[in-house]
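Chemist: Supplied in structure tokens, the structure appears directly below.
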Amino acid sequence: MRGKFISLEGGEGSGKTTAIHCIRQWLDARNIPYIMTREPGGTPLAEEIRQLILSPRDETVNNTTELLLVFAARAQHLAEKIQPALEKGSWVISDRFLDSSYVYQGKARGGDTEILNQLADWVVGDSKPDATLVLDVPVELGQERVVQRQHQDRLDKESLAFHQKVRDGFLERAQAEPGRVKVIDASLSLDLVQQQIEHQLSQLYSTWSGNV
Ligand SMILES: Nc1ncnc2c1ncn2[C@@H]1O[C@H](COP(=O)(O)OP(=O)(O)O)[C@@H](O)[C@H]1O
Ligand SMILES: [Mg+2]
């Protein structure tokens, strides 16, 4: 029985890492096999590409370069880690995946949606996540939550307008694919965020456990 593939999406400070802790507990309680992973990255080669993408640098990073690096890392991640795990029956939980490309390289950087669709068809095909949870918070709240962070990467340092586009972009992804992409109101207390996440997990589980 193929595992379920879940991605977590949202801007910095929206609560993705916190959501992953909650999902881990939920899966452990049911003895469901799973792996946790992240994008860009997830394999040694893909993590090297991540460093290339996220390191602050003096040279301007061309938008097409950034886009192709992200998809190069994703091809490796899917072939070497995600697909094999799903085939073995593990669930796969990824901190970011394809929707981040539509949002960061597309909406925020002005990348062409048609090109993104073509790359998504080519690189991801029908291996899209079974469910994508968008952790949605107002930009200011996300910024407040990460303000203590020591290490800020190249994208964290973008303007408020950039982060606003990121938020809007994720909400547009949910409108474009409402069956797969679910918005979680992550501005609420941890308890209430957890309840929303567990509701989505239960929906997935009911389509999975019935067939085990
Ligand atoms: N619902 C919440 N209420 C209050 N604080 C939260 C909530 N979700 C996350 N946080 C806190 O906000 C910060 C950023 O959350 P994190 O999960 O690291 O976000 P992300 O991984 O999306 O950048 C962390 O310090 C976390 O403990
Ligand atoms: Mg995180």
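Chemist: For Arg57, which of the numbered conditions (1) part of a helix (DSSP H, G or I); (2) loosely packed, with under 15 Cβ neighbours inside 10 Å; (3) not polar (S, T, N, Q) fails to hold?
Modeler: Exception for Arg57: condition (1).
Chemist: Further question: Kindly indicate the residue of region 187-212 that is under 23 Å from Lys128 (Cα atoms) and within 16 Å of ligand 1 (Cβ to nearest atom) and also surrounded by the most Cβ atoms within 10 Å (Cβ to Cβ) among those meeting that condition.
Modeler: Per the stated criteria, the residue is Ile197.
Chemist: List the number of the failed condition for Ile20; all other conditions in (1) surrounded by 22 or more Cβ atoms within 10 Å (Cβ to Cβ); (2) within 14 Å of ligand 1 (Cβ to nearest atom); (3) under 25 Å from Ser209 (Cβ atoms) hold.
Modeler: Here Ile20 clears every test but (1).
Chemist: A follow-up question, please. Please go through region 1-37 and pick out each residue that is of a type in the set (A, V, I, L, M), closer than 9 Å to Trp91 by Cα and part of a loop (DSSP other than H, G, I, E, B).
Modeler: Once the filter is applied, which keeps residues that are of a type in the set (A, V, I, L, M), closer than 9 Å to Trp91 by Cα and part of a loop (DSSP other than H, G, I, E, B), region 1-37 yields only Ile32.
Chemist: Show the residue pairs that are 6+ apart or on different chains and have beta-carbon atoms under 8 Å apart, the first residue being within region 85-114 and farther than 22 Å from Cys22 by Cβ, the second being within 16 Å of ligand 1 (Cβ to nearest atom) and part of a loop (DSSP other than H, G, I, E, B).
Modeler: Note: pairs meeting the criteria are Tyr104/Leu155; Ala108/Glu158.
Chemist: Please tell me if Leu155 is aliphatic (A, V, I, L, M), at pLDDT below 95, in contact with a helix residue (DSSP H, G or I) (Cβ under 9 Å, 6 or more places away or on another chain) and within 12 Å of ligand 1 (Cβ to nearest atom).
Modeler: So Leu155 fits the description; yes.
Chemist: Given the condition in contact with a Ser or Thr (Cβ under 7 Å, 6 or more places away or on another chain), more than 12 Å from ligand 1 (Cβ to nearest atom) and modelled with pLDDT of 95 or more, answer yes or no: does some residue in region 138-152 qualify?
Modeler: Scanning region 138-152 turns up at least one residue that is in contact with a Ser or Thr (Cβ under 7 Å, 6 or more places away or on another chain), more than 12 Å from ligand 1 (Cβ to nearest atom) and modelled with pLDDT of 95 or more.
Chemist: Scan region 3-57 for residues that are of a type in the set (D, E, K, R), away from ligand 2 (no atom under 16 Å from the Cβ) and over 19 Å from Leu69 (Cβ atoms) and report the count.
Modeler: So in region 3-57, the residues of a type in the set (D, E, K, R) come out as 4, 9, 12, 16, 24, 28, 30, 38-39, 47-48, 50, 57.
With away from ligand 2 (no atom under 16 Å from the Cβ) added as a condition, the list becomes 4, 28, 30, 48, 57.
Still in the list and also over 19 Å from Leu69 (Cβ atoms): 4, 28, 30.
Matching residues across region 3-57 total 3.
Chemist: Condition first: farther than 19 Å from Lys157 by Cβ and more than 16 Å from ligand 1 (Cβ to nearest atom). Can you find one or more residues in region 4-12 that meet it?
Modeler: Restricting attention to region 4-12, the residues satisfying the condition of being farther than 19 Å from Lys157 by Cβ are 4-9.
Subsequent filtering for residues that are more than 16 Å from ligand 1 (Cβ to nearest atom) retains 4-5.
There is at least one residue in region 4-12 that is farther than 19 Å from Lys157 by Cβ and more than 16 Å from ligand 1 (Cβ to nearest atom).
Chemist: If you check Val166 against the conditions, is it buried (at least 17 other Cβ atoms within 10 Å of the Cβ), within 16 Å of ligand 1 (Cβ to nearest atom), aliphatic (A, V, I, L, M) and at pLDDT 95 or above?
Modeler: When the stated conditions are applied, Val166 passes them.
Chemist: Out of Glu39, Glu48, report the one residue that is away from ligand 1 (no atom under 16 Å from the Cβ), of a type outside the set (Phe, Trp, Tyr) and at pLDDT 95 or above.
Modeler: Testing whether each residue is away from ligand 1 (no atom under 16 Å from the Cβ), of a type outside the set (Phe, Trp, Tyr) and at pLDDT 95 or above leaves just Glu48.
Chemist: Output the residue which, of all residues in region 102-149 that are surrounded by 13 or more Cβ atoms within 10 Å (Cβ to Cβ) and of a type in the set (Lys, Arg), is farthest from Arg173 (Cα to Cα).
Modeler: Among those residues, the one meeting the criterion is Arg145.
Chemist: Where in region 94-212 are there helices (runs of 4 or more DSSP H), lying fully within it, with 1 or more residues that are within 16 Å of ligand 2 (Cβ to nearest atom)? Give the derivation first.
Modeler: Working: elements: 113-119, 139-146, 160-176, 190-209.
Correct list: 139-146, 160-176, 190-209.
The values are calculated or read from the model by the stated rules, or taken from the named source; none is laboratory data. Since this is a predicted model, take the numbers as computed values, not measurements. We place every Cβ from the backbone using ideal geometry, glycine too, and count neighbours over all the protein chains shown.
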